[in-house]
Amino acid sequence: MNNEKYDEIIKKVIKEDDISKNVLVAFLSGGLIGVFGEFLANIFDNFMNTNDSYLAVFIVLVVIGSIFTGFGFFDKVLSICKCGLIVPSIGFANSMTSSAMDNNKEGFVRGIGSNIFKLTGSIILYGVVFGIIFGFIRSVI
């Protein structure tokens with residue numbers, strides 16, 4: 001099979017996505033998650049101080065993302081929302097939960113425990129490292 005025939009088959013099977021539509025959908029879905037987070041923060045502000053309320057919002061979003069992933073609902077919503085759902089903390093929860101679910105047959109320690117941060121480990125590592133660097137720069141300046 002030559003490259004031209006292969007390209008014809010690929011064009012028949014795979015449809016091209018409209019990039020501008022994907023960007024708009026990601027912007028709107030990410031914005032809706034932001035609005036939902038602010039709504040939760042306003043509710044939590046009644047019960048705790050502002051810094052703790054934002055931490056509570058992060059925890060709620062991670063729990064929601066994990067539950068959606070566990071029930072298989074996250075992938076269906078992701079096909080609609082695109083990157084607007086992956087970038088926030090819900091995407092972090094999805095990658096953590098899906099890694100744990102893929103390896104749960106090996107047990108709690110060797111399966112879930114050793115693989116839960118397989119995808120999110122780099123996010124945590126570089127988040128901490130750059131947080132220290134920028135915190136040091138800010139304290140000096």
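The values are calculated or read from the model by the stated rules, or taken from the named source; none is laboratory data. Keep in mind the model is a prediction, meaning the values are calculated, not measured. With ideal geometry, Cβ positions are generated from the backbone for all residues, glycine too; neighbour counts draw on all protein chains shown. These area figures cover heavy atoms from the full protein model, side chains too; ligands, DNA and RNA do not enter into them. Shrake-Rupley method; radii C 1.70, N 1.55, O 1.52, S 1.80 Å.
Quick test for you: out of I132, I123, pick the one residue that is in a helix (DSSP H, G or I), open to solvent by 50 Å² or more (accessible area, probe 1.4 Å) and within 22 Å of G34 (Cβ to Cβ).
Numbers: I132 fails: within 22 Å of G34 (Cβ to Cβ).
Exactly one residue qualifies, and that residue is I123.
Can you tell me which residue in segment 82-141 is nearest to L28 (Cα to Cα), limited to those that are charged (D, E, K, R) and under 19 Å from the mean Cα position of the chain (by Cα)?
Ranking the candidates gives K82 first.
State all residues of segment 68-88 that are assigned to a helix (DSSP H, G or I) and within 20 Å of V35 (Cβ to Cβ); if no residue qualifies, say none.
Selection gives F68, F74, V77, L78, I80, C81, C83, G84, L85, I86.
What about G91, is it part of a helix (DSSP H, G or I) and of a type outside the set (S, T, N, Q)?
yes
Would you be able to tell me the number of residues in segment 1-24 that are under 21 Å from K82 (Cβ atoms) and either in contact (Cβ under 8 Å) with a residue 24 or more places away in the chain or assigned to a loop (DSSP other than H, G, I, E, B) (or both)? Give the steps one after another, and end with the answer.
From segment 1-24, those under 21 Å from K82 (Cβ atoms) are 13-24; that's our starting set.
Checking which are either in contact (Cβ under 8 Å) with a residue 24 or more places away in the chain or assigned to a loop (DSSP other than H, G, I, E, B) (or both) leaves us with 14-18, 22.
Going through segment 1-24 one residue at a time, the tally reaches 6.
In segment 25-50, which residue that is assigned to a helix (DSSP H, G or I) and open to solvent by 100 Å² or more (accessible area, probe 1.4 Å) is farthest from V63 (Cα to Cα)? Let's see the steps before the verdict.
Residues of segment 25-50 that are assigned to a helix (DSSP H, G or I), as a first pass: 25-45, 50.
Filter once more, so that each one left must be open to solvent by 100 Å² or more (accessible area, probe 1.4 Å): 27, 32, 39.
Numbers: F27: 22, L32: 17, F39: 17 Å.
Among residues in segment 25-50 that are assigned to a helix (DSSP H, G or I) and open to solvent by 100 Å² or more (accessible area, probe 1.4 Å), the one farthest from V63 (Cα to Cα) is F27.
Within segment 51-76, which residues are more than 12 Å from the chain's Cα centre (by Cα) and open to solvent by less than 70 Å² (accessible area, probe 1.4 Å)?
If the condition is that a residue be more than 12 Å from the chain's Cα centre (by Cα) and open to solvent by less than 70 Å² (accessible area, probe 1.4 Å), then S53, A56, V57, V60, G70, G72 are the ones that fit.
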